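Inspection log for the structure reproduced underneath, given as structure tokens.
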Amino acid sequence: MNDYLIRGIAANGTVRAFAIDTTELVAHAATIHETYPVVTAALGRTLSAGAMMGSMMKGKNDLITLTIKGDGPIGSITVTADSHGNIKGFPGNNVVDIPLKRPGKLDVGGAIGNGTLTVVMDLGLAEPYNGMVELQTGEIGDDLAYYYTVSEQTPSAVGLGVMVDTDWSVKHSGGFIIQMMPDVQEETIAALESKLAGISSVTDMMEDGMSPEDMLTAILGDLGLEITEKQEVRFYCNCDKDRVSASLATIQTSDLQEMIDDGEDIEVKCYFCNSTYNFSVDELREILSNR
């Protein structure tokens, strides 16, 4: 198993926890989207968070989508995950070059700017759940912790990190989410706050060779941590030509007819994975006739 996440509980089930290693899938995302380092870090943090949040869902067809929209140069980040460890995402702008926040620290918050975080959970109901909060720092981990507290009334600690090497390759990527359940004791909260205040960053822990299990042990080992599940995660896009064809069938008739009248093949690119699909004029006619 390469990239993977773990789930656990502690303090007699009053705390639940998730930790993840996403180094390979974030490296893949950085390659296909040709991202500059600060975009790699921002997208990678969001992919890590999305994968952990996807694992919280119970239905086999459930989907969760995180959308960050800011006034910084990245513009937006969109990530979608399911409950099976499949995750995909893309940045609004892959080419962002801004000064470091401090030596060795990419300025993710500056690249995101002010804006909103939206979480949409499609649980197969008539309407998907939709929660939105204002970005607090643009650093993504802080913003997700705020989302959980405000929108889901679940006090949470979120740590996310991506270490980008000098050659722009992804050296480490991962994170954790620690959540307090309604019956958590005050002394447990105090112990957690003290522990979290003293731990290293996610990337420092990973640089020291720590696995997701090690990270949770460092945080929750004194509270009776029990690992309950281990799951592989991967960058996966389910696009194919049939799906793209179905999307083309939904555009306005006049626009589709205009493409046909141009008399040239068209190329459609998937935002999530950058795969391209070509459609001939005859294929466009068939799409139009089958509407």
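All of the numbers you see were taken from the coordinates with simple rules; none came from a lab. Note that this is a predicted model, so its numbers are computed, not measured. Here the Cβ is made from the backbone with ideal geometry for all residues, glycine too, and neighbour counts use every protein chain on show.
Look at the dipole of the range 4-235 built from charges on Cβ: of 117, 75, 44, the Cα furthest out on the positive end belongs to 75.
Give me the net charge of residue 91's neighbourhood, meaning all other residues with Cβ under 14 Å from the Cβ of residue 91; Lys, Arg count +1, Asp, Glu -1. Around residue 91, the surrounding residues sum to +1.
Listed values for the range 207-220 are Karplus-derived 3J(HN,Hα) couplings in whole Hz (6.51 cos²θ - 1.76 cosθ + 1.60, θ = phi - 60°), namely 4, 7, x, 7, 8, x, 4, 5, 4, 5, 5, 4, 8, 10, and x replaces Gly and Pro. Among 131-141, 210-220, the peptide with the highest mean count of other Cβ atoms within 10 Å heads the list, and the full ranking is 210-220, 131-141. For residue 164, the residues whose modelled amide H falls within less than 5 Å of its own, excluding neighbours fewer than 5 places apart on the same chain, are 171. Sequence-ordered 3J(HN,Hα) estimates for the range 274-291 from the Karplus curve with 6.51, -1.76 and 1.60 and θ = phi - 60° stand at 6, 5, 10, 10, 9, 10, 7, 4, 4, 5, 5, 4, 5, 4, 5, 5, 8, 5 Hz, glycine and proline given as x.
Near the amide H of residue 96, within less than 5 Å, lie the amide hydrogens of 36, 39, all on another chain or at least 5 residues away, with H placed in the peptide plane. Listing 236, 277 from fewest to most neighbouring C-beta atoms within 10 Å gives 236, 277.
Note on the range 241-289: with charges restricted to the Cβ of Lys and Arg (+1) and Asp and Glu (-1), its dipole about the Cα centre is near 340 debye. Extension gain, residue 253-residue 168: 0.36 nm per intervening residue step, less the Cα-Cα distance, totals 26.2 nm.
Once you have a ≥ b ≥ c as the square roots of the Cα gyration tensor eigenvalues for the range 168-274, tell me rounded if a/c is under 1.5, and otherwise prolate or oblate according to whether a/b is larger than b/c.
It is prolate, given that a/c is not under 1.5 and a/b is the larger ratio.
The distance from the alpha carbon centre of the range 227-243 to that of the range 104-149 is 21 Å, rounded to a whole number. In this simple spin-label model, placing a label point 7 Å from the Cα along the Cα-to-Cβ direction at both residue 275 and residue 129 gives a separation of 3.0 nm. Computing P(r) over Cα pairs in 5 Å bins from 0, in percent for the structure here picks out one of [x] 1, 5, 11, 15, 17, 15, 13, 8, 5, 4, 2, 2, 1, 0, 0; [y] 1, 5, 9, 10, 11, 9, 7, 6, 6, 6, 6, 6, 5, 4, 3, 2, 2, 1, 1, 1, 0, 0, 0, 0; [z] 1, 4, 7, 7, 7, 6, 6, 6, 6, 6, 6, 8, 8, 8, 6, 4, 2, 0, 0, 0, namely [x]. A Cβ-based charge dipole, computed about the Cα centre of the range 4-235 with Lys and Arg at +1 and Asp and Glu at -1, lands at about 360 debye.
Near the amide H of residue 76, within less than 5 Å, lie the amide hydrogens of 70, 92, 93, all on another chain or at least 5 residues away, with H placed in the peptide plane. Taking every DSSP helix (H) stretch of at least 4 residues in the chain, weighting each as -39,500 (n - 2.57) and dividing the sum by the residue count yields a mean residue ellipticity at 222 nm of -10000 deg cm²/dmol. Each other residue within a Cβ distance under 13 Å of residue 207 adds +1 if Lys or Arg and -1 if Asp or Glu, for a net charge of -4. Please give the FRET efficiency for residue 142 paired with residue 60, using the beta carbon to beta carbon distance and R0 = 30 Å, rounded to the nearest 0.05. So the FRET efficiency works out to roughly 0.40. Of the cross-linked pairs 60/269; 58/101; 171/241; 69/171, those separated by over 31 Å at the C-alpha level are 58/101; 171/241. With both labels modelled 7 Å from their Cα along Cα-to-Cβ, the residue 114 to residue 31 distance reads 4.0 nm.
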